[in-house]
Every structure is written in C-alpha cells, then in structure tokens.
Amino acid sequence: MQIKNFKILKLQWLNSPTRWKDSFTVGCAILAMVETFFAISAVSHDTIWGKNNWIIKFLFVFGFFLFIVIITFIFKYHNESKMTIVVLYNATTVDKSKCPDVLKYVGTHTAMCYRENGQEYWDYQAVKTALGQ
C-alpha cells in the first residue's frame, strides 16, 4: 500500500527564507543592543550570572538569541497572514506592468472603471468586492 502526497506535519509557513532572515537580523540587532547597554552602563556580565563556566554563559546568550528570533518569526508570520493587499487601477483594465515588482503577483488587482457605450464609469461594485465589503 502506497500513500502519495502524505504529509505528517503541515508546516509550510515555516518554509520562508525571507522571514527567517529578517528574524535573524532582528535577533542580532537586539542582542547587539543588549551588549551595548551593558558596555555603556559598565555592568559586568559576571554580576548578572555569576562566575559560572563560559559554556553556561554562551548557552544563556544563545538561548536568549534563539528566543528573540523565534518570537520575531512568529510575530512576522502573524502580521503577514492578517494582511491583505488590494491594488486598485484607475483604468478600465488591469495592467500589472505599471505595478511595482513587489506587488505584481501579490494580492487582488482590480480596475476601478468600466467602459460602456464609449463612456467610462466608476465600478463601485468591483472596488467593494476587492476590498471585501
């Protein structure tokens, strides 16, 4: 018996290199900010976690870094999943060549006008449909 296209975990949302890269960058920035705060305030790391072995200090910093990266990734995913993009064209046709490359293949593209008997009219229903109202 062969099962085709069987997926145990449906975690496609984890497969986003851009989101991971952004989260990693934010994690590095926050870690650098914390280190800068310690340097400016002349607080020694030893006063925070004592005179433990260097591996314990490393694991603490690495764990803090991973926590920041994962939390940032989850927030970015949550915000992106709620966001809908609507591109409205002030024309009778949709011309994606006029749209920025970032938005060409994302969201809903709708023309705001229609032509009838040689006259152009506003297509209020198409705009309302595109905006989900």
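Every read-out reported here was derived from the displayed coordinates using simple, explicitly stated rules and does not represent laboratory data. Computed from a prediction, not measured in an experiment: that's the story for all the values here.
Here are the numbers for the structure shown:
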read-out: Cα-based reach from LYS76 at 17 Å (exclusive), listing aspartates and glutamates while leaving out same-chain residues under 8 positions away; value: ASP22
read-out: Per-residue HN-Hα couplings for the stretch 54-69 [Karplus 6.51, -1.76, 1.60; θ = phi - 60°; Hz; x = Gly/Pro]; value: 5, 5, 5, 5, 4, 5, 5, 5, 5, x, 4, 4, 4, 4, 4, 4
read-out: Amide proton proximity set for CYS113, modelled H, under 5 Å, gap of 5+; value: ALA91, ASP123
read-out: Spatially proximal aspartates and glutamates relative to LYS104 (Cα-Cα < 12 Å; intrachain offsets below 8 disregarded); value: ASP95
